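This report concerns only the one structure given below.
The values are calculated or read from the model by the stated rules, or taken from the named source; none is laboratory data. Small disclaimer: the values here were computed from a predicted structure and weren't measured. Note that each Cβ is placed from the backbone with ideal geometry, even for glycine, and that neighbours are counted across all protein chains shown. Surface accessibility is based on the protein's heavy atoms, side chains included, excluding ligands, DNA and RNA. Shrake-Rupley method; radii C 1.70, N 1.55, O 1.52, S 1.80 Å.
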Amino acid sequence: MFGFSSRIQSGSSFEAELVAVREALKVAWDKGLRSVIVESDSESVVNRIRNQIIRQPKNKLEAIIMECQGYVISPDWSCVIQHTYREGNFAADALTKELVSESFELHVWKHPPESLSLILLADMIGMEVPRHGALNQNQIAQLKVLESSGFPPSFLGRFEN
């Protein structure tokens, strides 16, 4: 439906993933989506959002966790946060590597960057991606054949229907 990227100042990968989940929730809410599944490849972030009881946040991370929990439990939408393995998060991981600019502003992608087209196609057809997160030459060749044949015409090049 859409993607987003932003540079994040963080002290840890946990914090960066937590901020990314919060931004995903905010963007989904702002776009009017009311049935949402957010997947993260950080099991610790998912578990903290699901299980940590915070009455008064003591630091920035707890405040972000509490904000995410507020989205998840809101009666105004159906929201699930779940863990996925890195292989299942390949397109999102690749999008994080797209440098939008030197600014820290959030960039919402209505159309995926060209560099993601093969990755999205691989994801769509269920092609297994190695844990190290790179398509091999054989996979790339197979995907380019599919892409050049126009498959699938309604999908490539856009997030929104």
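Before moving on, here are some points about what is shown:
- The range 27-46: number of residues that are over 18 Å from residue 94 (Cβ atoms), open to solvent by 50 Å² or more (accessible area, probe 1.4 Å) and in contact (Cβ under 8 Å) with a residue 24 or more places away in the chain: 7
- Take the conditions (1) surrounded by fewer than 16 Cβ atoms within 10 Å (Cβ to Cβ); (2) in contact with a Gly (Cβ under 9 Å, 6 or more places away or on another chain); (3) not small (Gly, Ala, Ser); residue 8 misses just one of them, which is (2).
- A single entry from 97, 60 fulfils the requirement of being closer than 19 Å to residue 13 by Cβ, modelled with pLDDT under 80, of a type in the set (Lys, Arg) and open to solvent by 40 Å² or more (accessible area, probe 1.4 Å): 97.
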